[in-house]
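Taken together, the values in this text are just the output of simple stated rules run on the coordinates, not laboratory data. Being a predicted model, the structure only gives us computed values, none of them experimental. Using ideal geometry, Cβ is built from the backbone for each residue, glycine included, and neighbour counts are taken over all protein chains shown.
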Amino acid sequence: MKRSVSLCMLVIAVCFSAGCTTFKKDAANQTSTPEVIRIGGGDTALTEVIAPVKETFEDENPSLRLVTVQSKPGTELADLDSGSLDAVVSTLDLQTFLERAAANETALDGDEFREVPVGTNETVVFLNQGVKIKKLTRKQLKAIFTGKITNWKKVGGPNRHIVVVWSPAADGENELFIRKVLEGEQVVSRFLPVASVEEMRAKVLETPGAVGIGPSALVSRGVRVPGTGSLTVVASVMLITKGEPSPKVQKLLDLLKDVAFLR
């Protein structure tokens, strides 16, 4: 009888010890914090290139977490230089960033940075479904976005006031659209401001007479995209790092290259 009790106590002790070990392992797993990669830049580039691979990247690299930071225009390289960002993605190139930094009286050595193309962004025009227009010329788009035309009836659409939806955060995309389509003229001052290109799409969908611009990746059911003939607004998306990419950023670059190849 004593032997049976002793044997029973031994089994309990072993199970308890194993349970404690499992508990410690589980606790360790629960308390381990993934290493963060902070990618800054313009809203459009983050939406077009980084957002689509975030889930895959974190599944393939469970010890890493990808965090996007919508940068304030003109601060990108300074944040990269200080180490608060691991990389920057943008439709603007390194030289443009260096010129902006110099304009803000922030002297940075261009030789300390590296850039590599990681994708492309095509800017398209988004129309509310009620604006049943199949095609808009460059001249018409320029007049619409600069406020010279304020009613869709002037370009073959309904008798409705034009509402320009604009995302100041889409810095690089805006600059290219202004240069290539508006020919350097500024967008109409009385626009409906939004915080992101995602919000731009939502506002265009819900606002009668609305028009906006955004990356082609956001084209979805319910959004009307008029033809623009031979006019295309396409830019390379660059990833910029200070020095050579760190091992964790290199993993992201490798994934982006794989995705580009599959496309």
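Tabulated results
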| quantity | calculated |
| --- | --- |
| In degrees, nearest ten, helix 197-206 long axis to first principal axis of the chain (Cα) | 60 degrees |
| Length-normalised contact order of the chain in % [C-alpha pairs under 8 Å, at least 6 apart] | 26 percent |
| Using alpha-carbon coordinates, inclination of helix 94-103 to the longest axis of the chain, degrees | 80 degrees |
| Reciprocal of mean inverse Cα separation for segment 121-235 (Kirkwood radius, Å) | 13.7 Å |
| Calculated SAXS-style log₁₀ I(q)/I(0) at q = 0.07, 0.16 Å⁻¹ - the chain, Debye, Cα scatterers | -0.36, -1.16 |
| Charge dipole of the chain about the Cα centre (unit charges at C-beta), most positive-ward option of Leu108, Leu136, Leu252 | Leu136 |
| Cα-based helix-to-principal-axis angle, 247-262 vs the chain, degrees rounded to 10 | 60 degrees |
| Electrostatic dipole magnitude of the chain [Cβ: Lys, Arg +1; Asp, Glu -1; Cα centre; debye, to 20] | 1580 debye |
